[in-house]
Amino acid sequence: MSAAGSPVQRTVLITGAGRGIGEATARGFADAGYLVGAYDLQPCAWAEGDDRVVTGSLDVTDPAAWESALAELTARSGGALNVLVNNAGLLYGTPFMDASYERDSALVDVNVKGVMYGCRAAFPYLEKAVSPVVVNLCSASAIYGQAEMAVYSATKFAVRGITEALGLEWGPKGIRVCSVWPLYVGTGMLEGVSTAGMRNMGVNLTEGDVAGEILDLAEQTRRSPSGLLGRIRGLVGREVHRPVGQQATAMYLASQIGPGRVIRLVNQRLTS
Ligand SMILES: NC(=O)c1ccc[n+]([C@@H]2O[C@H](COP(=O)([O-])OP(=O)(O)OC[C@H]3O[C@@H](n4cnc5c(N)ncnc54)[C@H](O)[C@@H]3O)[C@@H](O)[C@H]2O)c1
């Protein structure tokens, strides 16, 4: 509660919120009563005139840009940042050798360094917040390396790694770190992409499906008991990775229990 006795508004910063999953997530949080920081390279035109949303330019590969976006948003929120959604991402879907050094580097910069920089810059705000949570956009391509998406897949394995590691480091401090793992989602990211995996499995998710899971993770964290019980539950009881949709859930669960050679064979069949 605020000093005046009214509930304190929770605040979320979402990267890559100009379109796609980021936009849908920002709209969902605004409808749920959050103060939303919607940041992207491109203007978040959809939020024009909406005073529930602070918009601005943020290149996630630039640490200084992170510092100023966070300062700007928390000046509006009275210092609070409860939720960070590291959503900005790039993809190319081609055989590995059809890309280039530049394209490989761009994917690593945005998908991996962007998440690291965001976590580092946001930590001092999250540390002070009530029920803080980081949600990273991982992908079903972090279950098993995906042909024709080798570098993308590798970046999402890195997101998986940093999510798990920071979940362990920051859990005892009361900060939950988790990720969502969708398979193919019908956004602009997949325009012009046609890999064998996409053709075999189809594009069966919408941005709203993913946004709903991200909001649910944040709200689940908010409803958790605080204090020691919440910290214990944070360490042992809550999921770290959430697959989105039936296909990703089946693939994720199979990868947890199936023998490695079978998982490889299945992925070979799905992506060729
Ligand atoms: N679309 C899918 O099939 C799918 C599946 C699994 C995971 N994901 C992940 O979900 C996230 C969002 O994907 P999407 O489908 O909405 O993509 P999208 O291409 O529709 O949107 C991505 C947004 O990120 C922004 N962006 C790119 N580089 C940036 C940078 N340097 N700094 C700030 N913003 C930047 C873009 O301007 C764009 O608005 C990504 O991390 C993606 O890897 C997508």
Residue that is farthest from the ligand (Cβ to nearest atom), among those in the stretch 191-205 that are assigned to a helix (DSSP H, G or I) and closer than 13 Å to Thr94 by Cβ: Ala196
Gly118 modelled with pLDDT of 95 or more and in contact with a helix residue (DSSP H, G or I) (Cβ under 9 Å, 6 or more places away or on another chain): yes
Members of the stretch 206-245 that are modelled with pLDDT of 95 or more and outside any helix (DSSP H, G or I): Thr206, Val240, His241, Arg242, Pro243, Val244
In the stretch 154-190, the residues that are charged (D, E, K, R) and either exposed (fewer than 15 other Cβ atoms within 10 Å of the Cβ) or outside any strand (DSSP E or B) (or both): Lys156, Arg160, Glu164, Glu169, Lys173
Number of the condition not met by Glu127 [criteria: (1) out of contact with any Cys (no Cβ under 7 Å at 6 or more places or on another chain); (2) open to solvent by 50 Å² or more (accessible area, probe 1.4 Å); (3) over 17 Å from Val83 (Cα atoms)]: (3)
Members of the stretch 130-146 found to be among the small types (Gly, Ala, Ser) and crowded, with 19+ Cβ neighbours inside 10 Å, listed by number: Ser131, Ser139, Ala140, Ser141, Ala142
Candidate set from the stretch 35-44 (those that are over 17 Å from the mean Cα position of the chain (by Cα) and surrounded by 15 or more Cβ atoms within 10 Å (Cβ to Cβ)); member that is farthest from Leu90 (Cα to Cα): Leu35
Conditions (1) in contact with a Phe, Trp or Tyr (Cβ under 7 Å, 6 or more places away or on another chain); (2) at pLDDT below 90: number failed by Ala248: (2)
Close pairs (7 angstrom Cβ cut-off, 6 or more residues apart or separate chains): more than 6 Å from the ligand (Cβ to nearest atom) and of a type in the set (D, E, K, R) in the stretch 16-31, part of a helix (DSSP H, G or I) and open to solvent by 10 Å² or more (accessible area, probe 1.4 Å) anywhere: Glu23/Trp46
Of all residues making up the stretch 83-109, the number that are aliphatic (A, V, I, L, M) and open to solvent by 30 Å² or more (accessible area, probe 1.4 Å): 5
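The values are calculated or read from the model by the stated rules, or taken from the named source; none is laboratory data. Everything quoted here is computed from the prediction, not taken from an experiment. Cβ sites come from the backbone with ideal geometry, for glycine too, and all protein chains shown count toward neighbours. For accessibility, only protein heavy atoms count, side chains too; no ligands or nucleic acids. Shrake-Rupley method; radii C 1.70, N 1.55, O 1.52, S 1.80 Å.
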